[in-house]
Amino acid sequence: AETYDVRAVEQKWLPVWEQLQPFRADDDSPREKRYALTMFPYPSGDLHMGHAEVFSLHDVVARYWWQRGYEVLNPMGFDSFGLPAENAAIRNDEHPATYTRGNIARSIESCRHLATSFDWSRTFNTSDPEYYRWTQWLFLKLREQGLAYRKKSPVNWCPNDQTVLANEQVVQGMCERCGAEVTKRDLTQWYFKITDYAQELLDDLDVLEPTWPARVVTAQRNWIGRSEGAHVRFVVPGREEPLTVYTTRPDTLFGATFMVVAADAALAGDLVTDEQRPAYDDYLAEVRKATEIERLATDRPKTGVFLGVHAVNPVTGAEIPIYAADYVLADYGTGAIMAVPGQDQRDWDFAQVFDLPVVRTVEPPEGWEGDAFTGDGPAVNSANADISLDGLGVDEARRTTIAWLEQQGLGKGTVNYRLRDWLVSRQRFWGPPIPIVHCDACGEVAVPEDQLPVRLPDDLKGADLKPKGVSPLAAAEAWVNVDCPQCGGPAKRDSDTMDTFVDSSWYFLRYCSPHLEDRAFDTDLVDAWGPCDIYIGGVEHAVLHLLYARFVTKVLADLDLVGFREPFAAQLNQGFVINEGKKMSKSLGNGVNLGDQLREFGVDAIRLTLVFAGPPEDDIDWADVSPGGSLKFLQRAWRLSGDVTSAPGTDPASGDVALRRVTHRTVHDCEELIEGHRFNVVVARTMELVNATRKAIDSGCGPDDPAVREAAETVAILLSLVTPYVAEEMWERLGHEPTVARAGWPVVDPALLVEESVTAVVQVQGKVRARLEVSPEISDADLEAMALADAGVQRALEGKTVRKVIVRAPKLVNVVAG
Ligand code: ANZ
Ligand code: ZN
């Protein structure tokens, strides 16, 4: 059979499209606007299979919207700051910018070859001074609002990358980037006060829930971790200050038989008696070595040390011992707990090790043989002269206790969030310098906005950038020493840089006015394009980037700089491309190289394979797919365009109705399928249309029928969403000018969507009086009405009374009259 030359077709159309620029988003277009965004990559090498996958899926949506007549903003840039470039620069003894530039150029070239519909006129890199100037501006805006501040606290520290990490970057106790075990350090760091927005970030998830992946919504809810409970004050005899704890279970107060303070909280060092201090100091040294994940693990043997002091349980009056232990965290709640071993397993385990009393305050179910009982049940052992909870369920007992505590001035109902403030400073080089100057006389001074950007020095490279625990910038004397912007005296620049997640927290706004020199973005344009109608990317960003971007949008909305409070109206997470059931990796030797695949099968076949493999959310196992089969299909589709013999512009109205029905039904269904992100089914339906068209040509209405042209043109338009090269080639062969990408979506004729009809026979007194063409779905009632309204039937019934009508839809109506 006749075939087209894949390579020649690619070389033919790329320059034509470069000339036509069909995907330039016009700010002033009168068309309705859509914003299609896909997560921008780190330029840590060339594009790989994963990029090809996400860009192919994303392109279906963006190209569909263009075909539907929207003005589409579909930008692409590079998240080019960060550790990969910096580590490569150290290895290769160069400046990170050199490495970054090379990779970006290569990635853009690959994107072009992939025929992605990105608007390259809007591209930028977050490491461009023209961009990071505005990241620094954002920092200053947050600081003006009291939302950026410095504090000293124990922070996550990666001993390998020699930098602090945000909580979100610690995955199961390991550094998200390098996999090293994360430890703790006491450091003064910059934070963004995301906790101020905790409740709104939580509430708005309800709005996003219908259009966001469920797992992302759940992950964010858990990360924000709202809990309702109480602060309870315990008197410590001999100490002026009471010991305040945070508890989600104030109903268990009668069962609090001891207390635990985080070993590394200042409070512990404050409470400990002189006698117990040596034991405490030894213990603290041990604790500092453990990671948070170890400390919170429920199955870990409990350790701790008695601090030598007691507190008074306000409801039982008992003097209960206070311990320091590592399973209580310093930076959550108040850093101290009331321990209720009867209802909390960790407290139970601790009580066993230290031989402390257990009092159950919730009755466990009959036959309960477990340790702590954490479920619901009637309260027991919970009454004194003043208050009784006995018999109440957990919720009611909780409310009753809180009311009593508040009335007695012993405590207060509270809401608590697990979300911590966002730690944004990094002791590394390749990021936007924090725009602050430290002056002995004036303290922290913001760099005035008109002096931004604070540029990175470009004379550091290789070993200069090695991690040393302080930022490499601190050693760059000429850079660090400046005049104080306020008093003019000698001062030092803050030498930390911002985390890359700050860069990506606002980049989608910059695309709306990417070349603006005097502002970060144009509010009117942001409001015209935004929020993003779809955001496609990896689920690994469920709580990092996606939470930060939501936060920053809300802050900017509060400053009246953005007119919406949620940046991403809808979201789709693609699966991974794997091989033989496993993640591709160098060590397994199962990697599939994108470049090799493109050379062997061509861009279109690879794109088709990626889209057709299954629902976009599912992983694609490269061992199970067939790019060769994809290419064969594309050749078959292409052959249709050579077989059509009617002239371009032929009116399809007189064409073969059966084929036209297939065509119009396909277009109609694909609209719904694309809106529902079922792109693989769109491909399957296109394949069916190709088959139907082939059959019509070979053994049906023949190649000259206008319905064949209509079908072949529809195939080209459907394929333009997935396989742009062959679609363009078909379009040309069908006698049209480029580009098929902007040909417009076929208009569906609703009359052709009506199901095929069947013939219903109508008998009167046993004689056939009419044959009706009806839908196979017709109801008995509708068929009866149609039958009785028929002229022939009415004639047969003239002068008679209808006694009975027997209906068997859709085939038969039998009228008995007399
Ligand atoms: C008494 C109690 C009884 C508790 C009981 C639980 C069950 P979430 O839901 O995560 O907010 N807690 C409080 N501060 C802590 C800290 N800094 N480190 C470790 N644990 C801490 O959990 C709140 C509960 O975790 C609190 O309620 C407290 O233990 C503990 F049957 O108080 B609870
Ligand atoms: Zn000063």
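The values are calculated or read from the model by the stated rules, or taken from the named source; none is laboratory data. Computed from a predicted structure; not experimentally measured. Here the Cβ is made from the backbone with ideal geometry for all residues, glycine too, and neighbour counts use every protein chain on show. For the accessible areas, the whole protein counts, side chains as well, though only heavy atoms, and no ligand, DNA or RNA atoms are used. Shrake-Rupley method; radii C 1.70, N 1.55, O 1.52, S 1.80 Å.
Return yes when ALA88 is under 23 Å from ASP527 (Cα atoms), of a type outside the set (Asp, Glu) and in a helix (DSSP H, G or I) and no when it is not. Here the answer is no, as ALA88 does not meet what is asked.
Being touching a strand residue (DSSP E or B) at 6+ places or on another chain (Cβ under 8 Å) and either buried (at least 19 other Cβ atoms within 10 Å of the Cβ) or not in a helix (DSSP H, G or I) (or both) is true for just one of PRO22, PRO41, PRO30. Which residue is that? Being touching a strand residue (DSSP E or B) at 6+ places or on another chain (Cβ under 8 Å) and either buried (at least 19 other Cβ atoms within 10 Å of the Cβ) or not in a helix (DSSP H, G or I) (or both) holds for just one of PRO22, PRO41, PRO30, which is PRO41. Being part of a loop (DSSP other than H, G, I, E, B), open to solvent by less than 40 Å² (accessible area, probe 1.4 Å) and more than 27 Å from ARG420 (Cα to Cα) is a property that holds for PRO514. Quick one: in region 1-40, which of the residues that are touching a Lys or Arg at 6+ places or on another chain (Cβ under 8 Å) and among the small types (Gly, Ala, Ser) is nearest to GLY602 (Cα to Cα)? Ranking the qualifying residues of region 1-40, first place goes to ALA1.
Taking region 517-546 as the range and being assigned to a helix (DSSP H, G or I), in contact with a Leu (Cβ under 6 Å, 6 or more places away or on another chain) and buried (at least 20 other Cβ atoms within 10 Å of the Cβ) as the test, the residues that pass are VAL526, TRP529.
On the stretch given as region 547-574, residues that are closer than 18 Å to TRP529 by Cα, of a type in the set (D, E, K, R) and open to solvent by 10 Å² or more (accessible area, probe 1.4 Å) total 3. Of all the residues in region 335-367, those that are touching a helix residue (DSSP H, G or I) at 6+ places or on another chain (Cβ under 9 Å), more than 7 Å from ligand 1 (Cβ to nearest atom) and part of a loop (DSSP other than H, G, I, E, B) number 8.
Condition check ((1) touching a helix residue (DSSP H, G or I) at 6+ places or on another chain (Cβ under 7 Å); (2) closer than 24 Å to ASP518 by Cα; (3) of a type in the set (Lys, Arg)) across all residues:
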{"site": "PRO448", "(1), (2), (3)": "no, yes, no"}
{"site": "ASP464", "(1), (2), (3)": "yes, no, no"}
{"site": "LEU473", "(1), (2), (3)": "yes, no, no"}
{"site": "ALA478", "(1), (2), (3)": "no, no, no"}
{"site": "ASP483", "(1), (2), (3)": "no, no, no"}
{"site": "ALA491", "(1), (2), (3)": "no, no, no"}
{"site": "ASP494", "(1), (2), (3)": "no, no, no"}
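Please work out which residue is most open to solvent (accessible area, probe 1.4 Å), limiting yourself to region 794-810 and to residues that are of a type outside the set (Val, Ile, Thr), out of contact with any Leu (no Cβ under 9 Å at 6 or more places or on another chain) and in a loop (DSSP other than H, G, I, E, B). Only one residue tops the list, namely GLU798. The residue list GLY443, GLY489 contains one member that is open to solvent by less than 40 Å² (accessible area, probe 1.4 Å), farther than 19 Å from ARG143 by Cβ and within 16 Å of ligand 2 (Cβ to nearest atom), which is GLY489.
Residues that are within 20 Å of GLY413 (Cβ to Cβ), open to solvent by 30 Å² or more (accessible area, probe 1.4 Å) and among the hydrophobic types (A, V, I, L, M, F, W, C) within region 358-398 comprise just one, LEU392. When ALA528, ALA557 are checked against the criterion of being without any contact (Cβ under 8 Å) to a residue 12 or more places away in the chain and small (Gly, Ala, Ser), ALA557 stands alone in meeting it. Take ARG455 and decide whether it is under 42 Å from the mean Cα position of the chain (by Cα) and exposed (fewer than 14 other Cβ atoms within 10 Å of the Cβ). Yes: the conditions hold for ARG455.
Among residues of region 301-321 that are outside any strand (DSSP E or B), those with a Cβ under 7 angstrom from a residue that is small (Gly, Ala, Ser), sequence gap 6+ or separate chain, pair up as LYS302/ALA325; THR303/ALA325; ASN313/ALA256. Within the set THR135, THR116, the sole residue that is buried (at least 22 other Cβ atoms within 10 Å of the Cβ), modelled with pLDDT of 95 or more, part of a helix (DSSP H, G or I) and touching a Phe, Trp or Tyr at 6+ places or on another chain (Cβ under 8 Å) turns out to be THR135. Looking only at region 452-471, decide whether some residue is within 16 Å of ligand 2 (Cβ to nearest atom) and on the phi > 0 side of the Ramachandran plot. No. Where strands (runs of 3 or more DSSP E) fall entirely within region 182-297, those with at least 1 residues that are among the hydroxyl-bearing types (Ser, Thr, Tyr) and surrounded by 15 or more Cβ atoms within 10 Å (Cβ to Cβ) are at 183-192, 243-247.
Among the residues of region 69-85, write down those that are within 30 Å of THR98 (Cα to Cα) and either assigned to a strand (DSSP E or B) or not small (Gly, Ala, Ser) (or both).
Step one: filter region 69-85 for residues within 30 Å of THR98 (Cα to Cα), giving 73-85.
LEU73, ASN74, PRO75, MET76, PHE78, ASP79, PHE81, LEU83, PRO84, listed by residue number.
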